[in-house]
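Chemist: Sharing a structure with you now.
Every number here is computed from the coordinates shown, using simple stated rules; none is lab data. These numbers come from a predicted model, not from an experiment. Note that each Cβ is placed from the backbone with ideal geometry, even for glycine, and that neighbours are counted across all protein chains shown.
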Amino acid sequence: MASSSLFQSPSFSLKPQKPISPPSTKPRFTTIKCSSSSAAKCRDNIRDDAHRHNTTHTHHFSAKYVPFNSSANDDTSSESYSLDEVVYRSQSGGLLDVQHDMAALKNYDGKYWRDLFDSRVGKTTWPYGSGVWSKKEWVLPEIDSDDIISAFEGNSNLFWAERYGKKVLGMNELWVKHCGISHTGSFKDLGMTVLVSQVNRLRKMNRPVVGVGCASTGDTSAALSAYCASAGIPSIVFLPANKISMAQLVQPIANGAFVLSIDTDFDGCMNLIREVTAELPIYLANSLNSLRLEGQKTAAIEILQQFDWQVPDWVIVPGGNLGNIYAFYKGFHMCKELGLVDKIPRLVCAQAANANPLYLHYKSGWDEEFKPVKANTTFASAIQIGDPVSIDRAVYALKKSDGIVEEATEEELMDAMAQADSTGMFICPHTGVALAALIKLRNKGVIGPTERTVVVSTAHGLKFTQAKIDYHSKEIPDLACRFANPPVQVRADFGSVMDVLKKYLSKSEAPKH
């Protein structure tokens, strides 16, 4: 069994392949003695210390926007943009991608990068305590650490789901990457720290950015509002009315965002925010913006790191707007290209059957032209998207990773969620989609019983308590709720309680949970 390396900090000597002299990567602290009169200055000491003693070598590295080309994402494009420009699409109207100077990164071998990334984990050195910014050279190499807005996101739990794997799937190597254990309760924090940090940089450069806006099914708005609040930057959120959970809605409100509840679905909100950001100096924060994917890709790097740089066989990612499946591919691919590992895992994108345009495209053999669908209501509300922005990115990632797309009905995803919860998890419906997809792939024999498989859990179950209450109360129309576990009503006397307990304990097996 692989052990997590996230909180191991080996000592090492970092030597580049080629004769570049990197500065020391060891954390450096300056001891500051604080008198009462200087206490206010001392409260900011980890950021100040990083600002005074920059221990990175980011001046060697750079990145830029280039058109995303699903046939050949390489250095041949003559069209490129500085990351300091406010631009979301290429001249042809296509998506952009952040392209790193791979030649410069390759001046250092795989061992160098593995040791560097491992050395930063579990530290409070600014900004490397973040799972995202511990990979700063691969994310946003030219930003000054003093401009970074971070809640030390990332470093999320990768745990062995032993009981669920053995009981439900007959698997010994099922792991769950719980990205929902994060600052605002979802993986969106990984991308938002990058985007808001870059906006913070632009505003310091006096670029005309008055605020940041997004269309959201919930989690994006929570992340945006939190990071903007931390930076003191106005945030504007377009939400589809009555289509997200109260827990998701209250987050941007609590963080001071300007929230517009609009009588449309996510795709309608997305169209409106695009029009608004074209007319007003509001920075667009949706995954159309490729900066967020740079942060999200670090979850893939982190998985490899937690497995001591061993590559799992499969990684299953819920998919809605489809930026995340490409982000995971990009993270894995960079690790392979830069010599940290020698292969990448096969990817699975899991969609809700009620919002499954990628699945339908996949089932056509990728041959037919992609056709958006009208997304129907699903408990997996964050992936209730019929016209995904990152469709081209997702298809590219799946083709390059020999990937698969699977779907889950509402009953399948809710049952999978309930079963997972009964084995000690507390997952969101989107993770239920991924687990339901895994059940199907196991039943078909596509994924074997000994293959190491990682399911990416994208949000915390506490955001979706109403869905769980409805399930266990058996109050969901047309769903059998087979694994419901409602409380037992009993009179307040000793005899009645004893009768109920004896009946429960006398059962030959535990109740179905």
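Chemist: In whole Å, what is the distance between the alpha-carbon centres of the range 130-148 and the range 481-509?
Modeler: Using only Cα atoms, the two centres lie 54 Å from each other.
Chemist: Could you tell me the calculated FRET efficiency between residue 241 and residue 181, based on Cβ-Cβ distance and R0 = 35 angstrom, to the nearest 0.05?
Modeler: 0.75
Chemist: Quick check for me: using +1 on Lys/Arg Cβ and -1 on Asp/Glu Cβ, what's the dipole size of the range 357-513 about its Cα centre, in debye to the nearest 20?
Modeler: Computed charge dipole of the range 357-513: roughly 460 debye.
Chemist: Which of rounded, prolate, oblate describes the range 337-480, given a ≥ b ≥ c as roots of the alpha-carbon gyration tensor eigenvalues and a/c under 1.5 marking rounded, otherwise prolate only if a/b is larger than b/c?
Modeler: Here the range 337-480 falls in the oblate category.
Chemist: How would you classify the range 202-308 from its alpha-carbon gyration tensor, with a ≥ b ≥ c the square roots of the eigenvalues: rounded for a/c under 1.5, else prolate if a/b is greater than b/c, otherwise oblate?
Modeler: Oblate is the answer for the range 202-308, as a/c is 1.5 or above yet b/c matches or exceeds a/b.
Chemist: Considering amide H positions built from the backbone, and no H for Pro or chain starts, which residues 5 or more places from residue 427, or on another chain, come under 5 Å of its amide H?
Modeler: 421
Chemist: Taking the Cα-to-Cβ direction at residue 465 and at residue 157 and moving 7 Å from each Cα, how far apart do the two end points lie in nm?
Modeler: If labels sit at residue 465 and residue 157, their model points lie 1.8 nm apart.
Chemist: For the chain, what proportion of DSSP beta bridges, expressed in % and rounded to the nearest 5, is antiparallel?
Modeler: 30
Chemist: Can you give the log10 of the normalised intensity I(q)/I(0) at q = 0.08 Å⁻¹, computed with Debye over equal Cα scatterers of the chain?
Modeler: -0.51
Chemist: If you take the charge dipole of the chain about its Cα centre, with +1 on Lys and Arg Cβ and -1 on Asp and Glu Cβ, which of 395, 359, 190 is farthest toward its positive end?
Modeler: So the residue furthest toward the plus end is 190.
Chemist: Any idea what diffusion coefficient the range 230-377 gets from Stokes-Einstein, in µm²/s, Kirkwood Rh on alpha carbon pairs, 37 °C, 0.692 mPa s?
Modeler: Using the Kirkwood radius from Cα pairs, D works out to 183 µm²/s.
Chemist: Determine the dipole magnitude for the chain: charges of +1 sit on the beta-carbon of Lys and Arg, -1 on that of Asp and Glu, nothing else is charged, the reference point is the Cα centre, and the result goes in debye to the nearest 20.
Modeler: 1380
Chemist: Full-extension gain between residue 504 and residue 205, please, as 0.36 nm times their residue separation minus the C-alpha to C-alpha distance. Kindly include the intermediate steps, with their values, before the conclusion.
Modeler: On the way: separation 299, 0.36 × 299 = 107.64 nm, distance 6.68 nm.
Value of the extension gain: 101.0 nm.
Chemist: So what's the gap between the Cα centers of the range 444-471 and the range 192-225, to the nearest angstrom?
Modeler: 30
Chemist: Would you mind checking the range 289-333 for residues with the amide N under 17 Å from a putative spin-label position 7 Å along Cα→C-beta of residue 111?
Modeler: 309-310, by backbone N distance to the label point.
Chemist: Also, quick follow-up: Taking θ as phi - 60°, what are the ³J(HN,Hα) couplings along the range 335-348 by the Karplus curve (6.51, -1.76, 1.60), each to the nearest whole Hz, with x for Gly and Pro?
Modeler: Going residue by residue, I get 5, 5, 5, 9, x, 6, 9, 10, 7, 10, x, 7, 9, 10 Hz, with x marking Gly and Pro.
Chemist: Additional query: Using θ = phi - 60° and the Karplus relation 6.51 cos²θ - 1.76 cosθ + 1.60, list the HN-Hα couplings for the range 491-507 in order, rounded to whole Hz, with x at every Gly or Pro.
Modeler: 3J(HN,Hα) across the range 491-507, in whole Hz: 5, 8, 9, 4, x, 5, 5, 5, 4, 5, 5, 4, 5, 5, 6, 7, 5.
Chemist: Convert 37 °C to kelvin, take the viscosity as 0.692 mPa s, use the Kirkwood radius over C-alpha pairs of the range 454-503 as Rh, and evaluate the Stokes-Einstein diffusion coefficient in µm²/s, rounded to a whole number.
Modeler: 239
Chemist: Which ³J(HN,Hα) values, rounded to whole Hz and listed in residue order, are derived for the range 302-318 from phi using the Karplus coefficients 6.51, -1.76 and 1.60 in 6.51 cos²θ - 1.76 cosθ + 1.60 with θ = phi - 60°, glycine and proline given as x?
Modeler: 5, 4, 4, 4, 5, 8, 6, 6, 9, 8, x, 6, 9, 9, 10, 10, x
Chemist: Now for a different question. Where q = 0.11, 0.14, 0.17 Å⁻¹, what log10 of I(q)/I(0) comes from the Debye formula for the range 331-409, counting one point per Cα?
Modeler: For the range 331-409, the Cα-only Debye profile gives -0.33, -0.50, -0.69.
Chemist: What residues qualify as long-range amide H neighbours of residue 483, i.e. H under 5 Å apart, gap of 5 or more or another chain, H built at 1.01 Å from N?
Modeler: none
Chemist: Note the direction-averaged projected area, equal to a quarter of the hull surface, for the Cα convex hull of the range 101-165, in nm². Numbers along the way, then the final one.
Modeler: Values: hull surface 24.8 nm².
Averaged projected hull area, Cα only: 6.2 nm².
Chemist: Could you tell me the relative contact order of the chain? Use alpha-carbon pairs under 8 Å, at least six residues apart, and round to a whole percent.
Modeler: Answer for the chain is 14 percent.
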